[in-house]
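Report on the structure given below.
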Amino acid sequence: MTKVTPKKLYNSKWTSTAPENREKHFIVIKVVFNDEGIVELCIIEAVMSKRQMEIDWRELMNEDLWLQGWK
């Protein structure tokens, strides 16, 4: 399991292990924290298509779905 620190999410790069529509590489473009410092919103953007989607940041720890960095 990949260790992900919420405070270091912004601008991190990820590779999908199950690409759809040729969207394989993603970058985290927005992370919103609440007053307690808990992540409320995480938005990733596909590098190729610029399509944005909201994701539960904890999904990034699942190596069956995501690999850290661009591979």
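The table below gives the values:
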read-out	value
Charge dipole of the chain about the Cα centre (unit charges at C-beta), most positive-ward option of MET53, ILE38, GLY69	GLY69
Share of Cα-Cα pairs in the chain lying beyond 21 Å, as whole percent	18
The chain, accessible surface, carbon-and-sulfur percent (1.4 angstrom probe)	50
Å² per residue, accessible surface of the chain at 1.4 Å	70
The chain, dipole about Cα centre (Lys/Arg Cβ +1, Asp/Glu Cβ -1), debye to the nearest 20	440
Whole-Hz ³J(HN,Hα) from phi, Karplus 6.51 cos²θ - 1.76 cosθ + 1.60, for segment 10-26, glycine and proline x	4, 6, 6, 10, 9, 10, 6, 7, 10, x, 10, 6, 6, 9, 10, 9, 9
Calculated from backbone phi, Karplus (6.51, -1.76, 1.60) coupling profile of segment 36-52 in Hz, x at Gly/Pro	8, x, 8, 5, 9, 8, 9, 10, 10, 10, 5, 5, 6, 9, 6, 6, 10
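The values are calculated or read from the model by the stated rules, or taken from the named source; none is laboratory data. Fair warning: this is a prediction, and the values are worked out from it, not measured in the lab. Every residue, glycine among them, receives a Cβ derived from its backbone with ideal geometry; neighbour counts consider all protein chains shown. What goes into the accessible areas is simple: the full protein's heavy atoms, side chains included, and nothing from ligands, DNA or RNA. Shrake-Rupley method; radii C 1.70, N 1.55, O 1.52, S 1.80 Å.
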